[in-house]
Amino acid sequence: MAEVACTHCNLTFSKDVMIVEDDRYFCCKGCQGVYHLLNAEGLDTFYDKLGNTTLQPATQETDDLEKFDLEGFKNKYIKVDEDGLYEIHLIIEGIHCSACVWLNEKVLHKTQGVLEASINYTNNKAKIVWDPEVVKLSKLIETIRSIGYNAYPYDPRLQEERAIATRKTYYTRILVAVFGAMNIMWLAIAHYAGYFSGIQQSFKDILNWAEFALATPVLFYSGWIFFRGAYYGYKNHIVNMDTLVASGALSAYIYSIYAMLTHRGEVYFDSVVMIITFVLVGKYLEVLSKKSAVDTLDNIMGTTPTEVTVIKDESKSLLSIENVMVGDTIELKPGEKVVIDGELVWGEASFDESSLTGENEPLYKKQGDTILSGSICLDSVIRYKATKDASNSMLTSIISLLEESITKKPRIEQLANTVSGYFSTTILLISLLTFAGWYFYQGSVETALIVAISVIVIACPCALGLATPMATLVGISMAAKRGILFKEATFLETMAQADILALDKTGTITEGKPSVVNAQIYDDFNPSLLYALVNTSNHPISKGIQRYIETEYENIEPLSLENISTIEAKGLTATYNNQALAGGNESLLKALDIKVDTDSENALFFFSIDQKLVARFELSDTIREDAKDAIEQIQSLGIEVVMLTGDHLQSAQKVAKQVGIDRIHAKLLPQDKASLIDTFHEEGHIVVMAGDGINDAIALASSNIAIAMGNGADVAISVSDIVLLDEKPLRIFEAFRLSRRTFRAVKENLGFSLVYNVVAVPLAVLGFVNPLVAALSMSLSSLIVVGNSMRIKRLKLKE
């Protein structure tokens, strides 16, 4: 029976064992699958470039693919949004340069049904959003595997185990490389001594063969990860860092074998070993550094309990947190972490909320108080009722924000990735031109080859690829430790360039808990009417009046009001037994043609019945403890601080004077605040807005960066870009400092990467750098970028 070649791998087999498809023959299902994938992705020109070269038959692991489509897997790892789209975080195995990231993102984006695919280079974590009606997750995993990588769901509890396995792999390969390097250097010393003083050819041959024996396992075992990466890069038409290292080392190795067998020229086995050793050690140190940078996030997520004790009918049972429903009663023992938000219903205890707020002092909680996930019960057994499910609780929200933040790439990183995508190809072309130039100049293949290898090895796309993600990851991790949650890494870049900070007064500069300091009663009235009216609002002024009535009056009756209406930025109206009730600020009363006295530095609240003024209340709010200090420090950064408030001018001026704000805009409606933000934009300013209420939502959405206080209205938090968990104004200053320091580190990293390549590559082209120095320089450049990013951790922030 005639033999035919496989259409994919070019290996020949008997025709009767081949899979026949039209006029194509495949030796196995793996080759058939890869062939169709390359054609579907528009990469079929690969076979023209391949020519008659044979490949290893493609292997595809399909045994475990079914598990990715199981219901249990979906419940544990996949999020479903309101549109029915699926989202998952995966760890992509085998990524070790920015070109790998680019390739995986490109292939995933080309897959029908995938709406988003973004990979963070620092921790190889991918966020993928897809339509389950169009494509299954198992198909996406299969696609990733088909281009030479592997993927598994991100699980912080398994991260350390996998990290240890990765380190062991590197460690074994490094041991072989270092052993080879140490021994080959002794031989090289003898070699060089003989070169200058003379040596018999027989002794030289012994040294050559000994060096060959040491270089071979170093190149093909220790350097295997570079060859594997280069192969998959070539397969998908990508020139990456692995291509540069593998081609440089392999060229020197092949030439050395030629020189050894023909006795023409000198061997460079020592250069081969040093190239692999230096770059491999550099990659290993880079892996260790990146792991330490992501440990903050893994620590937050990895220590989260997966089960809680639920009380039902006075019997206790352990339930998975995913199965706990709103209203379930949970028991908490001393030392246990809260994973589901709730309200304390039995017992009392102290809680450590330092992981949320940064405050080390325990908080005492009693019946009726809110229990936040992420806090730790310190000293008593308590029971609390779940008010949210696990997916919507505080801790899960924080984790989701952090995961989101590190998958969103800043604009400057997108630019760097684009540049590094073309970088390796350019370097390869320069090295070929260098070889040609030196060969024509000196006529020596040996000299031309060594100079070209130095060009290939010294260039470093990794430093460029690492410049931004490493710095932003460290910045986001530091901010998270301080209770500052950036929803995207891009916001670090924008905030670093901001020059105006707009602050809401109530709840941002002040505590947001105004209390009555003066009450004037003009006519007798039933306090239950006023209590019922203010009870319909969550506004801080209404809450202050409510607390005052509870303190000053007894026997308040619960009344059912009718026609309740909230008038934006003015107050409330309602009716009770045909009586018209109105409560609010001067604007509301003036609209009802009621004259009022507005001479006060405090916030004012008026109450009228049937268009007759019956009471006037003055309320004063406590300024947040560190507000004055924070505003002074923000202004010292060259940022203008502006107060935006719906309160009257005198009250705003009183607060502004105490905290040192010169520019005030008072009596603003929500849309007025947004218009003012737009005006700032027209003047060319980049605006950061901080607020906490529903009335701030429009202005927050209009600003370049929106900061929400953690206990603010849900709508304010949802439109914000940064959330402050502990609500201290000083955290706004820290966010500015961290943003600027991180952005500075990014610019330093990019500047160093570009200067390094601009200086190093011409030096190599001119023949001033040998391959050993080139390999060492390349590794050091990546480590300098990583080390510079880690310096962000040394930023001193005021406690």
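The values are calculated or read from the model by the stated rules, or taken from the named source; none is laboratory data. Worth saying up front: this structure is predicted, and the values here are computed from it rather than measured. Heads up, the Cβs are rebuilt from the backbone with ideal geometry, glycines too, and the neighbour counts pull from every protein chain shown. Surface accessibility is based on the protein's heavy atoms, side chains included, excluding ligands, DNA and RNA. Shrake-Rupley method; radii C 1.70, N 1.55, O 1.52, S 1.80 Å.
Summary table
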{"read-out": "Per-residue HN-Hα couplings for region 103-113 [Karplus 6.51, -1.76, 1.60; θ = phi - 60°; Hz; x = Gly/Pro]", "value": "4, 4, 4, 5, 5, 5, 5, 6, 6, 4, x"}
{"read-out": "Percentage relative contact order, region 576-639, counting C-alpha pairs under 8 Å, at least six apart", "value": "27"}
{"read-out": "Length gained when the stretch SER528-GLU562 is fully extended (0.36 nm per residue, less Cα-Cα span)", "value": "10.8 nm"}
{"read-out": "By average C-beta atoms within 10 angstrom, highest first, the peptides 602-614, 738-750, 720-732, 618-630", "value": "720-732, 738-750, 602-614, 618-630"}
{"read-out": "Where region 470-592 is the region considered: accessible area per residue in Å², 1.4 Å probe", "value": "43"}
{"read-out": "Sites matching GluC sites (Glu not before Pro) across region 518-596 that sit in DSSP coil, with at most 12 neighbouring C-beta atoms within 10 Å", "value": "GLU554, GLU568"}
{"read-out": "Out-of-range pairs (alpha-carbon distance over 26 Å; input LYS125/LYS487; LYS366/LYS487; LYS333/LYS388)", "value": "LYS366/LYS487"}
{"read-out": "Cα centroid separation, region 478-550 to region 622-654 (Å)", "value": "14"}
{"read-out": "Principal axis box of region 575-733, alpha-carbon based, largest edge first, Å", "value": "54, 32, 30"}
{"read-out": "Amide H within-cut-off set for GLU116, under 5 Å, with H built and near neighbours excluded", "value": "VAL129"}
{"read-out": "Accessible surface of region 729-799 [probe 1.4 Å, protein heavy atoms]: carbon and sulfur percent", "value": "69"}
{"read-out": "Loop sites in region 497-539: chymotrypsin sites (Phe, Trp or Tyr not before Pro), DSSP, at most 15 other Cβ within 10 Å", "value": "TYR522"}
{"read-out": "Whole-number percent relative contact order across region 607-691, with pairs defined as alpha carbons under 8 Å at least 6 apart", "value": "22"}
{"read-out": "Percent accessible area from carbon and sulfur atoms, region 611-650, protein chains only, probe 1.4 Å", "value": "46"}
{"read-out": "Cα-Cα separations in region 536-623 greater than 17 Å, expressed as whole percent", "value": "51"}
{"read-out": "Equivalent-ellipsoid semi-axes of region 460-594, from the Cα gyration tensor, Å, largest first", "value": "50, 16, 14"}
{"read-out": "Cα-projected label distance for LYS481 with ASP629, points at 7 Å along beta-carbon direction, nm", "value": "2.0"}
